[in-house]
Amino acid sequence: MRPSPRPALLASEILPQNLNLRDGEVHTVRCPDCEAWRPIKRSMIAPHRVGDDPAPGPRRYNHGDNTPRPRAGRCPGSAQLIKMDISVEQWGRALLDAESIAASRRSARQFYKPLAEAQVPVSRMARAPKSQSAQFFQTELNTAHQRALEAVVHHRSSCTACQTGRFCRVGRQLEERLTWTEETREERRAKQARVQKADQRSERSRDEDQGRRRTAQWAERGGKAVETANNRCAKRTLGMASTFRGPQVPVAPRDVEAHDRRQAELGRQYARRNPAA
């Protein structure tokens, strides 16, 4: 295969990411025309056609169809010489530099801020726990009881006297401590239950009072008159006379004599200003 009449490409001028000179692999290059990876044979790009179309000729498995395939055109970059003016080490350093530059150009990783926890609505703030001290104290009691129980179990597993039913001094102290934590925890639970029941009763009474107040307000601002007026509401058409009847508008003056004198005076003033009339 004769080389292409084009001038030879310098390996130093080819982008390092478009050239593969790794040891143990077939040396390849990206064709500058069809931009496909081609092997390097005898210091030139291997001869190839555009699009890697198969060679012309009948199909291998034609099943009776002997129509020849269309012949693909030859790539202009086929059989172009490549002059290796750099070593493999120089190409590797250039490739690493190009990868570091590409990595620095990448956008920074985005970290999304977690959404804040929803707060207690204003309408429910009155029913929120007044203090967390009771729950904290109950948790501490549960933890103390669990530790006392673990201490008793651990002591019984290693003490022969406690295993036979005759408690030693340490075992008796541990048993007393366990009993005290159990009684304290139960008393605290009972007290907390009583407090919760009292809170529930107060809430129920508050809700009932509020319901009664609302019923009284509706009765004060409503009633049969308002219901009758609402039922009489009808659609009004343009130009229709209103059916609303309010206080009667006076059509006669309060003082007839004063009104007549005032009218006579206004007539004389008008006659003086307009003598021709």
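The values are calculated or read from the model by the stated rules, or taken from the named source; none is laboratory data. Values in this document were obtained by computation on a predicted structure and should not be read as measured data. Positions of Cβ are generated from backbone atoms using ideal geometry, with glycine treated the same way; all protein chains shown enter the neighbour counts. Ligands, DNA and RNA are excluded from the accessible area calculation, which covers all protein heavy atoms including side chains. Shrake-Rupley method; radii C 1.70, N 1.55, O 1.52, S 1.80 Å.
Look at R185 and say whether it is of a type outside the set (S, T, N, Q) and open to solvent by 100 Å² or more (accessible area, probe 1.4 Å). No.
What about A134, is it in a helix (DSSP H, G or I) and either at pLDDT 75 or above or farther than 17 Å from R189 by Cβ (or both)?
Working: in a helix (DSSP H, G or I): yes; either at pLDDT 75 or above or farther than 17 Å from R189 by Cβ (or both): no.
Criteria not met by A134.
Taken together, the residues in the stretch 20-49 that are open to solvent by 70 Å² or more (accessible area, probe 1.4 Å), of a type in the set (A, V, I, L, M, F, W, C) and not in a strand (DSSP E or B) amount to 1.
Here A126 fulfils each of the conditions (1) at pLDDT below 75; (2) closer than 22 Å to E186 by Cβ; (3) open to solvent by less than 90 Å² (accessible area, probe 1.4 Å) apart from (2). Residues that are exposed (fewer than 14 other Cβ atoms within 10 Å of the Cβ) and modelled with pLDDT under 70 within the stretch 70-100 comprise P70, R71, listed in sequence order.
Only one of the numbered conditions (1) out of contact with any Pro (no Cβ under 6 Å at 6 or more places or on another chain); (2) surrounded by 10 or more Cβ atoms within 10 Å (Cβ to Cβ); (3) modelled with pLDDT of 75 or more is not met by G223, and that is (3). So is T215 surrounded by 10 or more Cβ atoms within 10 Å (Cβ to Cβ), at pLDDT below 85 and more than 30 Å from H145 (Cβ to Cβ) or not? Yes: the conditions hold for T215. Look at the stretch 190-205: where a residue is surrounded by 10 or more Cβ atoms within 10 Å (Cβ to Cβ) and a partner is at pLDDT below 90, sitting 6+ places away or on another chain with Cβ atoms under 8 Å, you get Q192/A134; Q192/Q138; V195/A134; E203/R127.
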